[in-house]
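The values are calculated or read from the model by the stated rules, or taken from the named source; none is laboratory data. What you are looking at is a predicted structure, and each value in this text was computed from that prediction instead of being measured. All Cβ positions, even for glycine, are placed from backbone atoms using ideal geometry, and neighbour counts span all protein chains on display. Only protein heavy atoms, including side chains, enter the accessible area calculation; ligands, DNA and RNA are left aside. Shrake-Rupley method; radii C 1.70, N 1.55, O 1.52, S 1.80 Å.
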Amino acid sequence: CTSTRCYFCPLPHNMGSSSSHPPLVSVPCDINRFMGTWFVIHVKPTYFETTCCNAVEKYSSTDNKNISIDFTYCNQSNPTTTKSLPQKGFVQEGHGGDWKVSPLWPLKMPYTIIGLADDYSHCTIGYPNRDYFWIMARTPTLPAETKKKLLSDLTTKHGYSLEGSFEVPQDWTKEGYAKERGVEEEVKAGFVWKGRI
């Protein structure tokens, strides 16, 4: 499931730009606050994300410019066998909302933060030609109304179609699985607000 991003998929020759869409507008981002664990909640997927589940991205940096991205995920057919796709992020000049992300050298693909909660509890990442998007959160779930608003913003503010998008399965009920993946506290926090603990 993602996120950020399985760029091994076939991409348009224009590498994400499109004259039929206005440029995406990024939001300011405090890179230090953005670091840490993100769960992929909803995607308009790349080719390799269509069967992913339990997708988690962990961001870290020593200089707030060069970002290490530890992306781990499972396939829905085998939801507790973890795969890994390490990636690199490069924050561009400006207010922190525009990055490039590299799944392998020399590719550097656009990563535009188009939505970010004031408390950094959720974010939305866009792609210039609107073929892909990623909604992520600090816990494996989002309140239904929050998610509804984020999806609405994608269509009304950013020119997206939701066709082909889906909610990424996040199932952390197997005993010990969250601890194994290093997300035990985040998963517990998600259960708490849902009243499940």
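Tabulated results
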| quantity | calculated |
| --- | --- |
| Count - residues of region 51-77 that are more than 23 Å from E167 (Cα to Cα) and either part of a strand (DSSP E or B) or in contact with a helix residue (DSSP H, G or I) (Cβ under 6 Å, 6 or more places away or on another chain) (or both) | 5 |
| Filter pass, I69 being under 18 Å from F133 (Cα atoms), at pLDDT 95 or above and in contact with a Leu (Cβ under 9 Å, 6 or more places away or on another chain) | yes |
| Pair list, Cβ < 7 Å and 6+ apart or interchain, from region 78-89 residues that are within 24 Å of G176 (Cβ to Cβ) and part of a strand (DSSP E or B) to residues that are among the basic types (K, R) and open to solvent by less than 70 Å² (accessible area, probe 1.4 Å) | T82/R181 |
| Candidates A137, A144 - the one that is open to solvent by 50 Å² or more (accessible area, probe 1.4 Å) and under 28 Å from N78 (Cα atoms) | A144 |
| Of all residues making up region 117-135, the number that are touching an Asp or Glu at 6+ places or on another chain (Cβ under 9 Å) and within 19 Å of N64 (Cβ to Cβ) | 1 |
| Number of positions in region 91-113 that are in a loop (DSSP other than H, G, I, E, B), buried (at least 19 other Cβ atoms within 10 Å of the Cβ) and at pLDDT 95 or above | 2 |
| Selected residue (criterion: modelled with the highest pLDDT) from residues of region 50-60 that are of a type in the set (S, T, Y) and open to solvent by 40 Å² or more (accessible area, probe 1.4 Å) | S60 |
| Test for S161: is it open to solvent by 20 Å² or more (accessible area, probe 1.4 Å) and within 15 Å of T46 (Cα to Cα) | yes |
| All positions within region 164-190 that are open to solvent by less than 50 Å² (accessible area, probe 1.4 Å), within 13 Å of F39 (Cβ to Cβ) and either touching a Gly at 6+ places or on another chain (Cβ under 6 Å) or free of Cβ contacts under 8 Å to residues at least 12 places away in the same chain (or both) | A178 |
